[in-house]
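The values are calculated or read from the model by the stated rules, or taken from the named source; none is laboratory data. Values in this document were obtained by computation on a predicted structure and should not be read as measured data. Counting neighbours? That spans all protein chains shown, and the Cβs are built from the backbone with ideal geometry, glycine included.
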Amino acid sequence: MTEVRAKKATPVLLTPVMRRKFDDQGKPVDTHGEYPDIVRSVASDYKVALIDMHRSSATLLTRYGAEASRKLFLQLQPGEDPNYPKGIEDNTHFNPLGAEIMAGLAAEGIRDQRLPIATFMKLLKSVQEVAR
């Protein structure tokens, strides 16, 4: 962090986004273990801005639910995409819609933290508009 600040830059830490995994009650299950809390702790210790993608993406996935959240991730049937002729059920990586929504959450975090870069950003759509 010291090196970043020495260059007059603003360090920002982001926690990881949630993977698509749900328990029997339909609640997202954390698969990252202690890592999100470590990132939060480092941000606090070094007084660095934190964008908590872990929590914001958990809220979003809860709202979508186990089945509807499929439309955010790389979920393709066999023959649906030439890059994945056998199909794919990837619960970690986002498709374009999911990536746009996660980027929107990050942008909202930048704006909410009032980071200097926020003055150069123009949010074209709110996350809620994209998520519909």
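List of remarks:
- Any hit, the range 5-13, residues being touching a strand residue (DSSP E or B) at 6+ places or on another chain (Cβ under 6 Å) and surrounded by 12 or more Cβ atoms within 10 Å (Cβ to Cβ): yes
- Between 64, 46, 84, the distinction of being under 30 Å from residue 9 (Cα atoms), out of contact with any helix residue (DSSP H, G or I) (no Cβ under 6 Å at 6 or more places or on another chain) and not aliphatic (A, V, I, L, M) belongs to 46 only.
- Matching residues in the range 40-64 - criterion: being among the hydroxyl-bearing types (Ser, Thr, Tyr) and surrounded by fewer than 20 Cβ atoms within 10 Å (Cβ to Cβ): 41, 44, 46, 59, 62, 64
- Identity of the residue in the range 14-29, touching a helix residue (DSSP H, G or I) at 6+ places or on another chain (Cβ under 8 Å) and assigned to a loop (DSSP other than H, G, I, E, B), that ends up surrounded by the fewest Cβ atoms within 10 Å (Cβ to Cβ): 26
- Pairs linking a residue in the range 104-129 that is closer than 17 Å to residue 11 by Cβ to a residue that is modelled with pLDDT under 90 and among the hydrophobic types (A, V, I, L, M, F, W, C), with Cβ atoms under 7 Å and 6 or more positions apart or on different chains, are 110/117; 110/118; 110/121.
A quick yes/no check of all residues on (1) out of contact with any Leu (no Cβ under 7 Å at 6 or more places or on another chain); (2) among the polar types (S, T, N, Q); (3) in a loop (DSSP other than H, G, I, E, B):
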{"residue": "38", "(1), (2), (3)": "yes, no, no"}
{"residue": "47", "(1), (2), (3)": "yes, no, yes"}
{"residue": "56", "(1), (2), (3)": "no, yes, no"}
{"residue": "62", "(1), (2), (3)": "yes, yes, no"}
{"residue": "75", "(1), (2), (3)": "yes, yes, no"}
{"residue": "79", "(1), (2), (3)": "yes, no, yes"}
{"residue": "86", "(1), (2), (3)": "yes, no, yes"}
{"residue": "101", "(1), (2), (3)": "no, no, no"}
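- Any hit, the range 67-83, residues being of a type in the set (Ser, Thr, Tyr) and crowded, with 19+ Cβ neighbours inside 10 Å: yes
- The number of residues in the range 64-92 that are of a type in the set (D, E, K, R) and touching a residue at least 12 places away in the same chain (Cβ under 8 Å) comes to 4.
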